[in-house]
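The values are calculated or read from the model by the stated rules, or taken from the named source; none is laboratory data. The shown structure was predicted, so the numbers you read here are calculated from the model rather than taken from an experiment. Every residue, glycine as well, gets a Cβ built from its backbone with ideal geometry; the counts of neighbours run over all protein chains shown.
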Amino acid sequence: MEQQPKKHNSSRGRGTAENPPNRFERLAYLPILESADDEDGAVQTQYLKDASRSLITFNDSPDVGFDASINPYRGCEHGCIYCYARPYHEYLGFSAGLDFETKILVKEDAPELLRAELVSRKWQPKVVAISGVTDAYQPIERKLQLTRRCLEVLAEFRNPVVIVTKNQLVTRDIDVLKELASFNAAAVCVSVTTLDAELARVMEPRTSTPANRLEAIHSLAEAGVPVRVLVAPIIPGLTDHEIPSIIQAAAEAGARHAGYVVVRLPHGVGELFEAWLEEHFPDRKKKVLNRIRDTPCEDQRNYGKRQVPRNPIVRDRRRFKRQPGRTHSRIRSAGLRLLDAGIQIRPHQVEQAN
């Protein structure tokens, strides 16, 4: 039987209506009365200038499949309740809750900063990931086009790029991505968490619908841009049963690789997610939380251990390989290769689709 979310009372179009206290602050703001920005209760998004003087960030984590990344925006209006990036907003003095979705910092001069770093003698050409933290194709990108302009800079330098997104807006930039792909310098990872549009609506309220993400995969593949699907995040007890269906649908749409990431709930994200389950799926709450706790990824901070497939949900990929009649064999016949956990993008993996 298809699961149906419970009717909810949270802010319309948002992942959460809660603003838990910032873990770095001693004082917390507690409103005396419930308030909203307009009559129908919708909370308006605020866009704030980000004064960062550099754009490319680096990491040396063995659990992250790229070394360099750029993020034109901080905070994300997509509002995915499970987003591991929510706690980053606390470093900016905001809450990981509603603030993360409604107070978006914008790096207005991102393209210029990127150009300055690429022309520097210090720059060693390597794959640059876009959306390593928050989605670069969130709604405001349609107007500001910062991500597109950054792509144009990368195309000018023929610097390889990989994009991770949940938004069909990425297809707007097919012309630039196609140019980069002609030099084996582009790949796009489209994240598909569920094929259930109603579940997606309450779990990731301002992302593209599952059908539109599959359409994005198709459009990118048709244009010759290498595209893969990320079943990410897998939420045990809630979306894990959809893994075969998602991968097969993506393969039929044109994806040639697949990856997965099991949900992580660092810091305050766990409390937000638990409250969300209580609101939307109270009957499944205990099961989901227990299965998440049984994974190696929940709030795991140890390098090299966050993607270890000890959990049976993750080991399902091996079952697909072993059983000839199952989804994996059909995926293999479609030409799609199932990758290990994570996004593992290295220079030699940015290649044209055959």
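Got a sec? Which of Gly259, Gly270, Gly224, Gly237 is within 27 Å of Val64 (Cα to Cα) and in contact with a strand residue (DSSP E or B) (Cβ under 6 Å, 6 or more places away or on another chain)? Quick ask: steps written out before the conclusion?
Values: Gly270 fails: in contact with a strand residue (DSSP E or B) (Cβ under 6 Å, 6 or more places away or on another chain); Gly224 fails: in contact with a strand residue (DSSP E or B) (Cβ under 6 Å, 6 or more places away or on another chain); Gly237 fails: in contact with a strand residue (DSSP E or B) (Cβ under 6 Å, 6 or more places away or on another chain).
Being within 27 Å of Val64 (Cα to Cα) and in contact with a strand residue (DSSP E or B) (Cβ under 6 Å, 6 or more places away or on another chain) holds for just one of Gly259, Gly270, Gly224, Gly237, which is Gly259.
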(message) Out of Glu204, Glu198, I need the residue that is under 15 Å from the mean Cα position of the chain (by Cα), closer than 30 Å to Thr45 by Cβ and not small (Gly, Ala, Ser). Which one?
(response) Glu204
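Can Arg291 be described as surrounded by 17 or more Cβ atoms within 10 Å (Cβ to Cβ) and touching a strand residue (DSSP E or B) at 6+ places or on another chain (Cβ under 8 Å)? I'd like the intermediate steps shown before the answer.
Working: surrounded by 17 or more Cβ atoms within 10 Å (Cβ to Cβ): yes; touching a strand residue (DSSP E or B) at 6+ places or on another chain (Cβ under 8 Å): no.
Against the criterion (surrounded by 17 or more Cβ atoms within 10 Å (Cβ to Cβ) and touching a strand residue (DSSP E or B) at 6+ places or on another chain (Cβ under 8 Å)), Arg291 does not qualify.
What residue, among those in region 129-161 that are of a type in the set (A, V, I, L, M, F, W, C) and within 22 Å of Arg86 (Cα to Cα), is surrounded by the fewest Cβ atoms within 10 Å (Cβ to Cβ)?
Let us first name the residues in region 129-161 that are of a type in the set (A, V, I, L, M, F, W, C), namely 129-130, 133, 136, 140, 144, 146, 150-151, 153-155, 157, 161.
After this cut, where a residue has to be within 22 Å of Arg86 (Cα to Cα) as well, the list is 129-130, 133, 136, 140, 146.
Values: Ala129: 26, Ile130: 23, Val133: 19, Ala136: 27, Ile140: 17, Leu146: 21.
Step by step, filter region 129-161, then rank; the result is Ile140.
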(message) So for region 166-189 (the condition being crowded, with 22+ Cβ neighbours inside 10 Å, touching a residue at least 60 places away in the same chain (Cβ under 8 Å) and among the charged types (D, E, K, R)), does at least one residue qualify?
(response) yes
(request) Check off (1) closer than 21 Å to Leu113 by Cα; (2) assigned to a helix (DSSP H, G or I); (3) under 20 Å from the mean Cα position of the chain (by Cα) for Val162 and give me the number that stays unchecked. (result) (2)
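To keep it simple, each residue is scored yes or no on (1) of a type outside the set (Asp, Glu); (2) over 25 Å from Arg14 (Cβ atoms).
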{"site": "Pro62", "(1), (2)": "yes, yes"}
{"site": "Gly79", "(1), (2)": "yes, no"}
{"site": "Cys83", "(1), (2)": "yes, no"}
{"site": "Glu117", "(1), (2)": "no, yes"}
{"site": "Val127", "(1), (2)": "yes, yes"}
{"site": "Leu151", "(1), (2)": "yes, yes"}
(message) Go through (1) at pLDDT below 90; (2) in contact with a helix residue (DSSP H, G or I) (Cβ under 6 Å, 6 or more places away or on another chain); (3) within 26 Å of Asn59 (Cα to Cα) for Phe320 and report which single condition fails.
(response) (3)
(request) Scan the helices (runs of 4 or more DSSP H) fully inside region 181-273 and keep the ones with 2 or more residues being at pLDDT 95 or above and in contact with a Pro (Cβ under 9 Å, 6 or more places away or on another chain). (result) 197-203, 243-253
